[in-house]
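One structure below.
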Amino acid sequence: MSKDGVSIVICCYNSSSRIQRTLEHIADQEINGVDCEIILVDNASSDNTVDAAKAAWSELYNNKIAFSIVPEKNPGVAHARKRGVIEANYEFLIFCDDDNWLDKTYVDNVYKLFKANKEVAILSGSGVAEFENRNLKPLWFDTFQQSYAIGNGIGKTAGMAIRKSVLKKIMDETPLFLQGRKKNQLSAGEDGEICCRVRLEGYQILAAPQLAFKHFLPEERLTWSYLKKLHIGFAHTFTIINLYEKVLREPGKKISDVYWLKMGFYYLGITIKYFPKHYRLKKRGEGNIGEIHHIMWKTIAADYFRINFGLKPIHKKILSIRNHTPHEL
């Protein structure tokens with residue numbers, strides 16, 4: 001059994017330029033009698049992330065919050081988070097990205113919300129954009145702000161808090177199919193898969209607007225090319241997340257051996273159908289949602305054809321998860 005308290009897990013890859021401000025906001029937490037710690041996971045960084053974090057915390061030092069750094073050589077957010085879960089001492093976990101600046105009441109609110117809502121396994125935060133240079137905010141940003149984890153709701157898992165006992169059960173029983181970002185690859189989806197697993201197990205997710213944080217956005221992440229790469233990463237998660245949603249909608253219903261073929265041709269078909277329209281939009285310049293739809297549909301179609309017959313065994317495993325009986329929280 002984990003101890004009563006909050007563990008903040010920060011997964012870092014080459015975070016030396018960002019970690020100072022992130023730790024500053026954690027050091028400013030207003031903690032009222034809650035045991036708290038930071039577990040900083042260095043995920044095979046090639047810069048001086050560890051030295052920068054040590055120097056920053058030495059200067060910031062908050063005696064109410066323990067601080068430790070642990071290595072994880074296997075690249076990928078999923079591996080880093082698993083290491084953080086293993087090292088964490090407390091039952092309530094906060095996954096804080098290295099560019100998330102938590103509001104000063106974040107830890108206290110996580111503790112209170114979990115204590116008051118015994119049926120809830122995940123709390124999702126509410127993000128606000130913090131631009132490195134406000135003058136460089138793209139005209140299209142507000143349309144795509146959800147892609148940058150801005151806003152609040154069940155689908156926003158940045159700043160996610162989760163019960164360690166639930167997450168450990170999920171990880172131990174069936175490994176996640178999605179591994180999240182690896183170094184500079186903009187793949188994603190492990191947060192979404194964890195949320196699906198929690199729902200399958202019968203637990204609840206609560207969107208908590210009082211869990212506020214700022215998402216620091218440097219200039220290089222505010223380009224149209226970066227946004228397209230981000231959405232390609234989202235698209236690569238679709239085949240798996242779609243299986244979870246299918247099981248949640250139709251519990252017990254199996255898929256055919258050629259389900260992948262049906263879905264692959266569907267997304268290939270709409271890619272071809274709308275190509276002329278999307279091509280014209282692309283020629284007009286950046287900011288067109290049609291271009292984003294096109295690259296996502298094309299990616300999804302390719303993934304269905306790539307996974308092909310491997311999709312049914314994954315669906316079968318997800319069906320078996322659906323039949324589990326959740327533990328008492």
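Within the stretch 52-78, restricting attention to residues that are touching a residue at least 12 places away in the same chain (Cβ under 8 Å) and farther than 24 Å from GLY5 by Cα, the residue that is least open to solvent (accessible area, probe 1.4 Å) is GLY76. Inspect all residues belonging to the stretch 266-277 and state whether any of them is modelled with pLDDT of 95 or more, touching a Ser or Thr at 6+ places or on another chain (Cβ under 9 Å) and open to solvent by less than 20 Å² (accessible area, probe 1.4 Å). No, the stretch 266-277 contains no residue that is modelled with pLDDT of 95 or more, touching a Ser or Thr at 6+ places or on another chain (Cβ under 9 Å) and open to solvent by less than 20 Å² (accessible area, probe 1.4 Å). Inspection of the stretch 276-286 identifies at least one residue that is more than 23 Å from SER147 (Cα to Cα) and not basic (Lys, Arg).
In the stretch 198-225, the qualifying residues are those that are assigned to a helix (DSSP H, G or I) and open to solvent by 40 Å² or more (accessible area, probe 1.4 Å), and the one that is farthest from MET171 (Cα to Cα) is GLU219. Answer yes or no as to whether ILE232 is part of a helix (DSSP H, G or I) and open to solvent by less than 80 Å² (accessible area, probe 1.4 Å). Judged against the criteria, ILE232 is a match.
So for the stretch 130-145 (the condition being closer than 20 Å to ILE194 by Cβ, of a type outside the set (A, V, I, L, M) and crowded, with 17+ Cβ neighbours inside 10 Å), does at least one residue qualify?
For the stretch 130-145, residues closer than 20 Å to ILE194 by Cβ, of a type outside the set (A, V, I, L, M) and crowded, with 17+ Cβ neighbours inside 10 Å: absent.
Among the residues of the stretch 33-41, is any farther than 25 Å from GLU220 by Cα, out of contact with any strand residue (DSSP E or B) (no Cβ under 7 Å at 6 or more places or on another chain) and at pLDDT below 95? Yes, the stretch 33-41 contains a residue that is farther than 25 Å from GLU220 by Cα, out of contact with any strand residue (DSSP E or B) (no Cβ under 7 Å at 6 or more places or on another chain) and at pLDDT below 95.
Would you pick out the residues in the stretch 25-42 that are open to solvent by less than 60 Å² (accessible area, probe 1.4 Å) and without any contact (Cβ under 8 Å) to a residue 40 or more places away in the chain?
ALA27, ILE38, LEU40, ASP42
Find the residue count for the stretch 247-259, including only residues that are assigned to a helix (DSSP H, G or I) and either of a type in the set (Ser, Thr, Tyr) or in contact with a Lys or Arg (Cβ under 8 Å, 6 or more places away or on another chain) (or both). Matching residues across the stretch 247-259 total 3.
If you filter the stretch 1-30 down to residues that are of a type in the set (Gly, Ala, Ser) and in contact with a Phe, Trp or Tyr (Cβ under 7 Å, 6 or more places away or on another chain), you find that the one that is farthest from ASN62 (Cα to Cα) is SER2.
Taken as a whole, the condition of being at pLDDT below 95 and surrounded by 13 or more Cβ atoms within 10 Å (Cβ to Cβ) does not apply to ASN308.
The values are calculated or read from the model by the stated rules, or taken from the named source; none is laboratory data. Being a predicted model, the structure only gives us computed values, none of them experimental. With ideal geometry, Cβ positions are generated from the backbone for all residues, glycine too; neighbour counts draw on all protein chains shown. Protein only, heavy atoms only, side chains kept; ligands, DNA and RNA dropped before computing areas. Shrake-Rupley method; radii C 1.70, N 1.55, O 1.52, S 1.80 Å.
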